[in-house]
């Protein structure tokens, strides 16, 4: 089972390569990769902005866990999250059509990289909840979270999406058009990202109300 990690953003509100910031003993990107590996998921990392820094960090992670990671680059990362979704699914689709045909009907995850409180069970708990829906997304109160679980029946539609204009498009605009079920929870790990320096400080100060 695969997990596409969206690590391409500009981090405009942070004004820094936030995925290289440390939380406890790991960088934010390292935490997401290791969480996926511990959940027995195969990560596909989509890079974009800060490509050189991300590539260097990915090399360190590969050496640390003695593994080879799948990486693909989004040259149009400035067009937003949806453009990275397209790039990631194109990579996954290629894999499923060539070297891993047995997984072609298996759902997969999409997640932003900066959710440092996620544990393996936050992924695996979602799997039985997808049922006959095309997509599942955790929701805490009125806030949409990650990871999102997708049925591969959506792959063809995703890779043919057109991202046009200067306005950044997020995953929500796509999910609103398909059969998406909400996974309602009060677990803030699904929504605790680090978009600003203040949110990063709060994380370090343990001011997050964990379930």
CD proxy at 222 nm, helix term only [per DSSP H run n ≥ 4: -39500 (n - 2.57); per residue of the chain; nearest 500]: -9000 deg cm²/dmol
message: Compute a Gaussian network model of the chain, connecting alpha carbons closer than 10 Å, and tell me which residue from 170, 141, 80 fluctuates the most.
response: 141
field: Structure-derived P(r) over Cα pairs in 10 Å bins from 0, in percent: which label, when the choices are (i) 8, 35, 36, 16, 3, 0; (ii) 8, 36, 40, 15, 1; (iii) 8, 33, 30, 17, 9, 2, 0
entry: (ii)
task: Assuming a ≥ b ≥ c are the square roots of the Cα gyration tensor eigenvalues, decide whether the stretch 110-211 counts as rounded (a/c under 1.5), prolate (otherwise, with a/b larger than b/c) or oblate.
output: oblate
message: Rounded to the nearest 5, what % of DSSP beta bridges with both residues in the chain are antiparallel?
response: 30
message: Using a Gaussian network model on the chain with a 10 Å cutoff between Cα atoms, which of 14, 54, 32 fluctuates the most?
response: 14
task: Before anything else, pin down the relative contact order of the stretch 102-152: Cα pairs under 8 Å, at least 6 apart, normalised by residue count, whole percent.
output: 51
field: Fewest-first ranking of 198, 24, using other Cβ atoms within 10 Å as the exposure measure
entry: 24, 198
field: Tensor-based shape of the stretch 147-196 (alpha-carbon gyration tensor, a/c under 1.5 rounded, otherwise prolate or oblate)
entry: oblate
query: Pick from 58, 158, 95: which residue has the top mean-square fluctuation in a GNM of the chain where Cα pairs under 10 Å get a spring?
result: 95
query: Counting other C-beta atoms within 10 Å, which of 122, 73, 146 has the fewest, and how do the rest follow?
result: 73, 122, 146
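Bear in mind these aren't lab numbers, they're just calculated from the coordinates by the rules spelled out. Quick caveat, the model's predicted, so the values are computed rather than measured. As a convention, Cβ positions derive from the backbone with ideal geometry for all residues, glycine included, and neighbour counts pool all protein chains shown.
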